[in-house]
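Heads up: the structure comes next, in structure tokens.
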Amino acid sequence: SSSGGFDHPGIVRWYKCFISQRAVFFIHNYHAGAVTFKERFFNTPRGENGVPLPESFIWSCLTQLVSAIAAVHGSNLAVRTLQLNHILCTQEGSSGIIKSNSGPFGLPRIRLRINCVGIVDILEFEARKTLEELQRDDMRSLGCILLSMTTGSEITVNDIYRGNTAQQQGQILVPYFDFVRQNYSRELFVLIHSLLNPGVPPQTIRGVASSMAMRAFEELDEAHACIDHMDGSLMGIYESGRALRLLLKLAFVNERPEFGIDKNWSESGDCYILKLFRDYVFHQADGSGFPIIDLGHVVSSLNKLDAADEEKIVLASRDGKNILVLSFADIAWCLEKAYQELLEQAVPPLSDGMERY
């Protein structure tokens, strides 16, 4: 396959192909929740047109498609599957909501990936078109995709060019061009016109990329905002994992029924301190003995224990006869010491994950 091993975030990666029962099967990477661009925006009842998409959304989609096409053309290949039903859409996080007052969609930010790249090369390996002609066809297809997004009607290369003279092609395009000129910026109109004008060859992918360079910065800003949002989410998950690690260690140590021949191991020394700390974190009560459920106190205490903070706290036994003043650093040292004692005497097998902590 000419696309085998080709790796780009805007291309659905080809995995392998095989022959079975006299048929050729192609396997590509799976993207959960993905739908085709046609299903997402042009799945309307028969005879009805879709709704034109907001311009900011179109530029975002165009930037992603141009990036993928440029990578393919730069490798001396052609996409050849640049159609609405071969472009996969997956929705990204809510941080990239499109800021546009046009269109009724309320569109979230989406990722586009071109699917089935390389399949046509295999099925039509004897095609007599030159690489230049195939890449030119890609650019015409890109223009038709843009025209479809701006008009709300699915338009293919065959609808315009196949079996039509140059004059007929121009007549077909005139109403579409007029609509784009009236409803979108001149910049977008000029780009679409340069790709679909039947009188001249379409722009190369490098020419398109150069003409929309400033738009790429907007897409880059959106991508950075999305990355920041995901970093924040990942940080929250990581912090939760650290708290879980401490909770697991405390649960292993606190009030353990026995430890070898020492029946009072969990009720003496360092383990007794950990028992009092458990009560300090989870078993607080007011002056009347009613329980206090304070999640902020729990999270704050666990974070300070994880950081071995030098802040001192008062730990009291349930009968009030024993009172200890210790820092979080002291308690963290006690927890680690007690847990290591458990690990040294533990009987295999033990979870590999806990052994590393």
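The values are calculated or read from the model by the stated rules, or taken from the named source; none is laboratory data. The shown structure was predicted, so the numbers you read here are calculated from the model rather than taken from an experiment. Positions of Cβ are generated from backbone atoms using ideal geometry, with glycine treated the same way; all protein chains shown enter the neighbour counts. These accessible areas exclude ligands, DNA and RNA; they are computed on the full protein's heavy atoms, side chains included. Shrake-Rupley method; radii C 1.70, N 1.55, O 1.52, S 1.80 Å.
Numbers at a glance
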read-out: Folded to 0 to 90 degrees: helix 295-306 orientation relative to the chain principal axis, Cα; value: 80 degrees
read-out: 0 to 90° range, to nearest 10: angle between helix 269-282 axis and the chain longest Cα axis; value: 60 degrees
read-out: The chain: angle of helix 328-345 to the longest principal axis, Cα-based, in degrees nearest 10; value: 90 degrees
read-out: For residue 109, distant residues with modelled amide H under 5 Å away; value: 92, 96, 97, 98
read-out: DSSP bridge pairs, the chain: antiparallel proportion in percent, nearest 5; value: 95 percent
read-out: Simple label model, 7 Å out from Cα along Cβ direction - residue 346 to residue 293, nm; value: 3.2 nm
read-out: Over 18 Å between alpha carbons, listed pairs 16/129; 249/304; 275/337; 249/275; value: 16/129
read-out: Probe 1.4 Å, accessible area per residue of the chain, Å²; value: 58 Å²
read-out: Prolate/oblate/rounded label for region 280-324 (Cα gyration tensor, a/c 1.5); value: oblate
read-out: Stretchable slack from residue 244 to residue 127, in nm (0.36 nm times residue separation minus alpha-carbon distance); value: 36.1 nm
read-out: Proximal aspartates and glutamates relative to residue 321, as straight alpha-carbon distance under 16 Å, when same-chain residues fewer than 8 apart are discounted; value: 267, 279
read-out: Residue-level accessible surface for residue 337, protein heavy atoms, 1.4 Å, Å²; value: 80 Å²
read-out: With every protein chain in place, the chain: carbon and sulfur % of accessible area (1.4 Å); value: 54 percent
read-out: Volume of the Cα convex hull of the chain, divided per residue and given in Å³; value: 248 Å³
